[in-house]
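Okay, structure first, notes after.
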C-alpha cells in the first residue's frame with residue numbers, strides 16, 4: 001500500500017487533538033505526550049485495515065477488520081496508550097491483537113508486547129503483517145485472553161481491547177506492583193466505561209473511571 005496522504009495524516013492528528021481537548025474534563029488529559037503522538041504518526045494505519053478501507057485509514061473512527069471485530073478509533077488507541085504510561089523496556093500484555101495496530105503502537109514506544117488473539121484468522125493475518133513490517137519485540141499467541149499469559153507474567157502494563165463485564169481476575173495476579181491495567185468494562189451494546197487500574201506496592205488496587213466507550217465484547221472461552 002502507498003503511504004498516507006500528508007493532508008490526511010494532518011487531519012487525523014488535528015482530530016485527535018480536538019477529541020483530547022473535548023474529553024479533558026473526564027480524562028484529566030488536555031493533551032497527549034509527544035511520544036504517544038509520535039507513535040500514532042509513525043505507525044502506518046493503512047497497513048492494518050482491509051484494502052477496500054485504505055482511503056479511510058486516517059479517519060478518526062473505528063473500521064471493520066472482519067470476523068465481527070474492528071480496528072479502534074485512533075483517538076481511543078492514543079488515549080489508552082497514554083494511560084498505560086509506557087516506558088522503554090516495559091513488558092506489556094495485550095488482550096485482543098485484532099489487526100495488530102495497537103500492538104505496533106505499543107512496540108513503537110519501546111515496549112516488549114505479548115499479545116493474545118482468540119480468532120485464528122486474525123491472529124495469522126496479524127502475524128504475517130507484523131513480520132512484513134519488521135515489528136520487533138512483539139510476541140503473538142492464538143488463545144483466549146481471559147486467563148492472561150501466565151508463563152510470561154508479571155507485566156508492567158496490561159491493555160484489554162475488548163469490553164468485559166468484569167476484570168478477569170488472572171490479570172490482577174499477572175500485574176507487577178506499580179503496574180497499570182487499562183480495560184473497558186461493560187456489557188455489549190450497553191454502557192461501557194474505560195477503566196485505569198493500578199496495582200499498589202502492597203498488592204492492593206486503585207481504580208479510576210476514565211471515559212464512556214464502545215468496544216466489541218471480550219470472549220471468555
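Taken together, the values in this text are just the output of simple stated rules run on the coordinates, not laboratory data. From a predicted model like this one, the values you see are computed outputs, not experimental measurements. Note that each Cβ is placed from the backbone with ideal geometry, even for glycine, and that neighbours are counted across all protein chains shown.
What the table below lists for this structure:
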| read-out | value |
| --- | --- |
| Rounded, prolate or oblate (a/c below 1.5 giving rounded, otherwise prolate when a/b exceeds b/c) for the range 113-221 by Cα gyration tensor | oblate |
| Projected label distance in nm at residue 143 and residue 173, using a 7 Å step from Cα toward the beta-carbon | 1.3 nm |
| Dimensions in Å of the range 1-122 - Rg and Dmax from alpha carbons | 14.1, 39 |
| Gained length - residue 128 relative to residue 207, 0.36 nm times residue gap less alpha-carbon distance | 24.8 nm |
| DSSP-defined antiparallel bridges as percent of all bridges, the range 21-143, nearest 5 | 25 percent |
| Relative contact order %, the range 106-169, counting alpha carbon pairs below 8 Å whose residues are six or more apart | 37 percent |
| Within the chain, helix-based [θ] at 222 nm, where runs of 4 or more DSSP H residues each add -39,500 (n - 2.57), nearest 500 | -9000 deg cm²/dmol |
| Pairwise centroid distance, computed over Cα atoms, of the range 58-117 with the range 144-186, Å | 14 Å |
| Highest-MSF residue in the chain out of 108, 15, 57 [GNM, Cα springs under 10 Å] | 15 |
| Shape metrics for the chain, restricted to C-alpha atoms - Rg then Dmax, Å | 16.1, 50 |
